[in-house]
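The values are calculated or read from the model by the stated rules, or taken from the named source; none is laboratory data. Only a predicted model underlies this, so the values are computations on that prediction, with no experimental measurement involved. Positions of Cβ are backbone-derived with ideal geometry, glycine not excepted, and every protein chain shown enters the neighbour counts. Quick note on the areas: whole protein, heavy atoms, side chains included, nothing else; ligands and nucleic acids left out. Shrake-Rupley method; radii C 1.70, N 1.55, O 1.52, S 1.80 Å.
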Amino acid sequence: MNLAGAKRGLALAALLALSACAGGAKFASATVEERAAIEQNLRRDIAVLASDDFGGRKPGTLGEELTVAFISEELEKAGFVSGTNDPGSAWRAPVQLVSTQPFTSSITIRTGRREYDLDDADGAAFTTRRRELSDGAKVVFVGKAAGDVAEDDVRGNIVVMLGEPGVSPQRRAALFTKQPVAVITAVENQDAVALVNRAFGRERISLASEPERALSAFITTAALGEALGERTWARLVERADDDDFEPVELEATIKIEATSRRREFTSYNVLGRLPGQMPGSGAVVLMGHWDHLGECGAEDEEDRICNGAIDNASGIAVMLELARRLAATGPYDRDIYVLATSAEESGLLGARAFVETPPIPLESIVAAFNFDTVAVAPEGSSVGFVGEGRTSLDPVILEIMEKAGRQLGDKDFAEQFVRRQDGWALLQEGIPAVFLSTSFGSEIVIGPFLSTDYHRPGDEIEAVVLGGAIDDLLLHEELARRFASTEAYSPPPAE
């Protein structure tokens with residue numbers, strides 16, 4: 001047994017012991033035989049989705065085609081129809097994506113007649129375009145300011161800001177909104193540049209609809225001091241802490257050039273619909289991301305495929321089994337949509353594409369439930385309520401949980417994940433979306449997975465624990481039935 005497996009085994013044993021002590025509440029509607037049948041179906045679907053044949057389910061690959069076809073076929077067999085509302089693209093809702101990967105960069109600082117060509121160790125520049133060049137723009141030092149900098153000091157200029165751990169990303173983002181030619185972040189040393197290269201040097205996937213950013217560059221404070229003059233740079237850094245600090249135009253020009261490998265491609269969300277009996281009464285949405293990372297293991301590893309059995313073949317498997325059970329007992333008053341999203345791992349892109357070009361009016365969605373990384377908790381575990389207190393769904397959810405004998409998990413812990421899951425894209429548009437999962441009931445449940453197999457080749461089917469996932473499925477079955485009934489649930493009037 002490898003070390004990761006040993007840790008996982010010990011963690012699982014501890015969780016099972018805790019569940020036994022707690023009494024392990026069960027759903028009255030699920031017999032032992034029913035749970036066994038559900039588990040068999042879940043393991044079958046996870047085995048398919050997390051197989052090496054699917055190659056880690058990376059968008060834009062053969063693995064995507066196999067995944068999208070599998071989900072569509074399973075939904076159709078269950079009795080669903082296409083939910084795209086587009087006869088020309090049944091089941092598949094296009095998600096236009098762009099892949100960019102940094103290729104080359106160069107930075108030259110000119111002061112008077114002196115010219116400094118920065119070594120790669122002292123500076124790096126990045127663009128999302130194939131090629132970007134800035135030469136001759138005014139250079140403005142903004143220090144630690146960002147949101148309160150006047151737009152005239154930023155627009156069309158190269159701005160130099162001081163880096164600060166934990167703050168720099170927000171500072172850069174605020175400056176980019178004011179349309180600079182480039183944003184240069186002054187970083188501490190060459191080690192910091194190396195870290196930047198590792199972070200920014202990977203492939204980045206984004207929505208084609210996203211505006212392209214200006215150049216982003218990183219230069220060591222030592223290189224800036226040498227080029228601008230040590231005393232000049234020291235005075236600038238000191239002044240940046242003054243309460244009355246104002247941006248300073250520098251007596252220098254900076255030439256920045258960066259190139260990247262860029263590829264535009266179409267990925268797909270999968271959309272299925274279980275038609276309701278009362279058209280116009282709204283819809284319930286079940287969602288989960290189908291994508292994973294493809295090959296993400298180290299170059300020298302024998303198995304480099306990140307199969308994503310837990311993240312998120314398990315979520316898709318639970319959603320498909322729930323779809324089968326709902327179709328078998330339906331129809332309901334409201335439509336029930338199943339949405340399997342692409343490119344969640346790259347920033348909730350499939351979910352964002354769904355809200356950008358929805359197949360139904362967003363205001364018609366009365367409730368949305370996300371399924372992600374559901375297979376790590378044993379039966380009877382407490383439920384993490386991600387998004388608690390953010391929608392009008394809470395009273396019904398809490399009522400059904402109480403009737404089912406389910407316990408709420410650590411609220412503060414669950415809240416940490418609200419922006420890291422697909423439901424967030426819907427919440428931002430005012431759609432009542434929640435994420436209920438035993439996996440996120442406490443750190444003791446999800447922690448061992450996050451510290452070992454998360455986003456690594458070890459996320460294989462052998463690691464899945466389905467007791468809690470089955471609990472989650474049965475809870476969502478009750479929730480979906482309740483919210484799909486016009487008699488049992490009426491959404492509050494729009495404000």
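Key figures for this structure:
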| quantity | calculated |
| --- | --- |
| Unmet requirement for Phe126, which otherwise passes all of (1) of a type outside the set (S, T, N, Q); (2) within 20 Å of Val237 (Cβ to Cβ); (3) crowded, with 17+ Cβ neighbours inside 10 Å | (2) |
| 2 or more residues crowded, with 24+ Cβ neighbours inside 10 Å and aliphatic (A, V, I, L, M): qualifying helices (runs of 4 or more DSSP H) within region 329-429 | 349-356, 423-427 |
| Selection status of Ser314, small (Gly, Ala, Ser), assigned to a loop (DSSP other than H, G, I, E, B), out of contact with any Phe, Trp or Tyr (no Cβ under 6 Å at 6 or more places or on another chain) and modelled with pLDDT of 95 or more | no |
| Single condition Ala124 does not satisfy, out of (1) in contact with a Phe, Trp or Tyr (Cβ under 6 Å, 6 or more places away or on another chain); (2) part of a loop (DSSP other than H, G, I, E, B); (3) among the aliphatic types (A, V, I, L, M) | (2) |
| Among residues of region 454-470, those that are charged (D, E, K, R) and crowded, with 24+ Cβ neighbours inside 10 Å, counted | 1 |
| Some residue of region 435-442 being among the hydroxyl-bearing types (Ser, Thr, Tyr), surrounded by fewer than 22 Cβ atoms within 10 Å (Cβ to Cβ), under 22 Å from the mean Cα position of the chain (by Cα) and more than 15 Å from Gly315 (Cβ to Cβ) | yes |
| Qualifying positions in region 146-190 - farther than 17 Å from Leu133 by Cα, open to solvent by 40 Å² or more (accessible area, probe 1.4 Å) and part of a loop (DSSP other than H, G, I, E, B) | Gly147, Asp148, Ala150, Glu164, Pro165, Gly166, Val167, Thr177, Glu188, Asn189 |
| Selection status of Arg43, in contact with a helix residue (DSSP H, G or I) (Cβ under 8 Å, 6 or more places away or on another chain) and open to solvent by 60 Å² or more (accessible area, probe 1.4 Å) | yes |
| Any hit, region 19-28, residues being part of a helix (DSSP H, G or I) and at pLDDT 90 or above | no |
| Residues of region 400-423 satisfying the condition of being farther than 13 Å from Ser442 by Cβ and either of a type outside the set (Asp, Glu) or modelled with pLDDT under 95 (or both) | Ile400, Met401, Glu402, Lys403, Ala404, Gly405, Arg406, Val418, Arg419, Arg420, Gln421, Gly423 |
| All positions within region 471-495 that are small (Gly, Ala, Ser) and open to solvent by 20 Å² or more (accessible area, probe 1.4 Å) | Ser485, Ala488, Ser490, Ala494 |
| Counted residues, region 191-210 - those being out of contact with any Phe, Trp or Tyr (no Cβ under 8 Å at 6 or more places or on another chain), among the hydrophobic types (A, V, I, L, M, F, W, C) and buried (at least 17 other Cβ atoms within 10 Å of the Cβ) | 2 |
| Close pairs from region 32-55: first within 19 Å of His289 (Cα to Cα), partner open to solvent by 40 Å² or more (accessible area, probe 1.4 Å), Cβ under 7 Å, at least 6 apart | Ile46/Ile461; Ala47/Ile461; Ala50/Glu460; Ala50/Ile461; Asp53/Leu66; Phe54/Leu66; Gly55/Thr61; Gly55/Leu62 |
| Output for region 235-282, where each listed residue is surrounded by fewer than 15 Cβ atoms within 10 Å (Cβ to Cβ), part of a helix (DSSP H, G or I) and either in contact with a helix residue (DSSP H, G or I) (Cβ under 7 Å, 6 or more places away or on another chain) or in contact (Cβ under 8 Å) with a residue 24 or more places away in the chain (or both) | Arg239 |
| All positions within region 159-189 that are of a type in the set (A, V, I, L, M, F, W, C), at pLDDT 95 or above and farther than 22 Å from Asp242 by Cα | Val181, Ala182 |
| Condition check for Leu97: in a helix (DSSP H, G or I), modelled with pLDDT of 95 or more and surrounded by 16 or more Cβ atoms within 10 Å (Cβ to Cβ) | no |
